[in-house]
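I'd like to ask some things about the structure below.
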2 protein chains.
Amino acid sequence: MEFRHLEYFIAVAEELNFGRAAQRLQMTQPPLSQQIQQLERELGTALFIRTQRRVELSPAGRAFLPEARSLLKHAERAKRLANDVGAGRVGRIAVGFVGSATYDILPLTIREYRAAYPEVYVHLRELPTPSQVESLLKGEIDVGFIRPPIASHDLRVETLYRDRAVLAVPKMHPSSHRAVMRLSDLGGESWVLLARSTWSGFYDEILAKCSDAGFDPNIELTAAEFQTVLGVVAAGLGISIVPSSAAIFKREDVVFIPLEGEVPTIEMSIAWRAADDSAQIRQFLDVTRKMARNQQGG
Amino acid sequence: MEFRHLEYFIAVAEELNFGRAAQRLQMTQPPLSQQIQQLERELGTALFIRTQRRVELSPAGRAFLPEARSLLKHAERAKRLANDVGAGRVGRIAVGFVGSATYDILPLTIREYRAAYPEVYVHLRELPTPSQVESLLKGEIDVGFIRPPIASHDLRVETLYRDRAVLAVPKMHPSSHRAVMRLSDLGGESWVLLARSTWSGFYDEILAKCSDAGFDPNIELTAAEFQTVLGVVAAGLGISIVPSSAAIFKREDVVFIPLEGEVPTIEMSIAWRAADDSAQIRQFLDVTRKMARNQQGG
DNA sequence: CCCTCACGATACGAATTATATATGAATAAC
DNA sequence: GTTATTCATATATAATTCGTATCGTGAGGG
């Protein structure tokens, strides 16, 4: 039995006339008769009673008709489902992100993506960059907002935007009134940095830039989140370098001062499996890129 | 899309290897690859990710797999249903019957048929013979226990059993002690007969036999059921002729006396549409004939 | 009563389609 | 580097569907 037989059967059952049914099916009558006979042979029962003048459904045919219809409908649904999933209109995508992505790019992207693909379930998971690399490779997440650099040939990385690094100093600090500063002025300070485990690239680069500027920073303490870093700065325990976007945590007692010259690169990137060319990923990346562009302009 | 494609897809999805799947399907690998490609083209999406070394399901394939399985199951159910209905194992049969069939043949037959075909819904309807003829022709009932004769070329009739006609007289009747009587002895009696509308053949035959016996019966009244007839006989309003099976309505005040010589034919028959050669009818007739034989023997 | 029409079944050739064989390309394992 | 494995492609063959022509059978009309 093939779907063809079901379509033929339904046509004959509705027309109760082989000739008209054949016409409707864009074919001639003899093959239609044959196909119906073939179906009846397979079912082991007659579907029609041919009374040499009119055709009518047998009890078996009457029972089979709704089944045949529902089978065709079911098949259509299955086809559309496969197509929808293939086109990324329905499904699931697991998104990893570093904490600092929640300041701007993540909520924008997720909101936009959900509006465009309401049938895709978006699973969100906050993870530091190294864990995201693992999770991507394991397939636990499909895409991740990360802080470069990462090293894996199986992953693709794309920079979304670059942020200026700015100095964060307590309001009571003697230099808090200055419009701009340079790293080389800061040799004697105590430092509060974002923990290396959260963003190793940033940490290492700050150390490298300080070294270039001729000093070895005196690191008072490290914290896992920028919010905590700023809290500690506010308490007067030291100064820090943060992305300008961290300024959304506005505080009365902290002042942000732009840095002159070579500053640490502060990039937000998105990463995904190189082997994954699914529509979901493609579409999610498109939305993300668009949001990144908009944000950079603003 | 045809069922073939679904079977092929499931095989590949389960083996995740075109070669082994082809082997399982008793075919070679190239046509299997082609058929899968054809299916993917129709669905507008890839079902597998071929990574040149291993095959895995795409998201669309993962979504489509349970649908494909359920479609095949659904098709199997539909086939079995058609076959069951065609073979008369499930379905519905509407049975008409005259009141006097409830004395013996009807309950026996229905009980036996239900035991043999528990999935066939048996619809029962009490109707006098002429109404059954109409209902059979209209298709409102499929088979009927009737009292012959009936006249219709579109119906088939088969006699199930013949009953002796016996005389029913009140206990106080002067002849109530006699072992046997003949119609010709009964010229002067008052008669209570089953209404002509209930069983015209019987009524007409009694009149004919009486005429043969040399008298014209004085019909006091007619009733629609034998039970009522016997009640009136018991009340002493007259005597009657009834099938011996009507003796199940045993009453203290009525005596049944066998008739000698030519007695009215008392037949129970079964009728069905000549055009109807459905399995249900065939099987119901078989059961009915078997019950009729058993009963006659007993 | 014969003729014609309508309708489904059958017979057979043509076209389409699925399948098999042979082969290629790419990758992983030794 | 070589071999084995695996899926894709090209071409040939087999199967099957489909179209054309025709038959058989009732029903309706003249």
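The values are calculated or read from the model by the stated rules, or taken from the named source; none is laboratory data. None of these values were measured; they are calculated from a predicted model. Because the Cβ atoms are built from the backbone with ideal geometry, glycine has one as well, and the counts that use them run over all protein chains shown. Ligands, DNA and RNA are stripped out before the accessible areas are found, and what is left, the full protein with its side chains, is counted by its heavy atoms. Shrake-Rupley method; radii C 1.70, N 1.55, O 1.52, S 1.80 Å.
Once the other residues with Cβ under 15 Å from the Cβ of B:Tyr161 are scored (Lys, Arg +1; Asp, Glu -1), what is the net sum?
+2
Checking an interface number: how much accessible area is buried between B and A, summed over both chains, with a 1.4 Å probe, in Å² rounded to 100?
2400 Å²
Right, next: Run the accessible area of the protein assembly as shown with a 1.4 Å probe and give the carbon-and-sulfur part as a rounded percent.
Answer for the protein assembly as shown: carbon and sulfur cover 48 percent of the accessible area.
Residue-wise, which Karplus ³J(HN,Hα) couplings in Hz belong to the stretch B:110-118, taking 6.51 cos²θ - 1.76 cosθ + 1.60, θ = phi - 60°, and x for glycine or proline?
Residue by residue, the stretch B:110-118 yields 5, 4, 5, 5, 5, 5, 7, 10, x Hz.
Partner chain Cβ atoms within 10 Å, averaged over the residues of A:86-95 - can you pull that number for me?
Neighbouring Cβ atoms belonging to other protein chains average 3 per residue here.
Can you flag which of A:Lys209/A:Lys290; A:Lys73/B:Lys79; B:Lys171/B:Lys250; B:Lys250/B:Lys290; A:Lys79/A:Lys138 are past 23 Å Cα-Cα?
Where the Cα-Cα span goes over 23 Å, the pairs concerned are A:Lys209/A:Lys290; B:Lys250/B:Lys290; A:Lys79/A:Lys138.
Oh, and also: What FRET efficiency comes out for the pair B:Ser211/A:Arg24, r = Cβ-Cβ distance, R0 = 56 Å, nearest 0.05?
Using R0 = 56 Å, I get an efficiency of 0.30.
What's the local net charge at A:Glu262, with K and R +1, D and E -1, over the other residues with C-beta under 13 Å away?
With Lys, Arg at +1 and Asp, Glu at -1, the net is 0.
List the trypsin sites (Lys or Arg not before Pro) in the stretch A:244-298 that DSSP assigns to loop (not H, G, I, E or B) and whose Cβ has at most 12 other Cβ atoms within 10 Å. Which are they?
Taking the stretch A:244-298 and a limit of 12 other Cβ atoms within 10 Å, the loop trypsin sites (Lys or Arg not before Pro) found are A:Lys250.
Further question: In whole Hz, with x marking every Gly and Pro, tabulate ³J(HN,Hα) for the stretch A:239-244 from phi via Karplus 6.51 cos²θ - 1.76 cosθ + 1.60, θ = phi - 60°.
Per residue, the Karplus-derived 3J(HN,Hα) values read 10, 8, 10, 9, x, 4 Hz.
Name the residues whose placed amide hydrogens come within less than 5 Å of the amide hydrogen of B:Arg182, ignoring near sequence neighbours (fewer than 5 apart) on the same chain.
Close amide H contacts, sequence-distant or interchain: B:Glu260.
In addition: Got a sec to turn the phi values of the stretch A:78-89 into Karplus ³J(HN,Hα) couplings, 6.51 cos²θ - 1.76 cosθ + 1.60 with θ = phi - 60°, whole Hz, x for Gly and Pro?
Karplus-based 3J(HN,Hα) across the stretch A:78-89 equals 4, 5, 5, 4, 4, 5, 4, 5, x, 7, x, 7 Hz.
Kindly report the accessible area of the protein assembly as shown per residue (heavy atoms of protein chains, probe 1.4 Å, no ligands, DNA or RNA), in Å².
I get 49 Å² per residue for this part.
For the pair B:Ile219 and B:Ala195, how long in nm is the line joining their label points, each one 7 Å along Cα→Cβ?
Between B:Ile219 and B:Ala195, the label points sit 1.2 nm apart.
Still on this model: Let me know the charge dipole size of the stretch B:3-86 about its Cα centre in debye, to the nearest 20, where only the beta-carbon of Lys, Arg (+1) and Asp, Glu (-1) is charged.
Using only the charged Cβ atoms, the result is roughly 140 debye.
Further question on the same structure: Which value at 222 nm does chain B reach when only helices count, each DSSP H run of 4 or more adding -39,500 (n - 2.57), with the total divided by all residues and rounded to the nearest 500 deg cm²/dmol?
Roughly -13500 deg cm²/dmol at 222 nm, from the helical runs in chain B.
Moving on. Search the structure for amide H atoms under 5 Å from the amide H of B:Asp104, placed 1.01 Å from N in the peptide plane, and list their residues when 5 or more places away or on another chain.
Here nothing satisfies the definition.
Still on this structure: Looking only at other chains, what is the average number of their beta-carbon atoms within 10 angstrom of each beta-carbon in A:60-73?
Other-chain Cβ atoms within 10 Å of each residue's Cβ, averaged: 4.
Continuing with this model, one more query. Give the residue list of GluC sites (Glu not before Pro) in the stretch A:175-282 that are DSSP loop and have at most 15 other beta-carbon atoms within 10 angstrom.
A:Glu252, A:Glu260, A:Glu262
May I pose another question? Once the whole set of protein chains is in place, how much accessible area is left on A:Asp204, using a 1.4 Å probe, in Å² to the nearest 10?
Accessible area of A:Asp204: about 60 Å².
May I ask for the angle, rounded to the nearest 10°, between helix A:29-43 and the longest principal axis of chain A, with both axes built from Cα atoms and the value confined to 0 to 90°?
Around 80 degrees separate the two axes.
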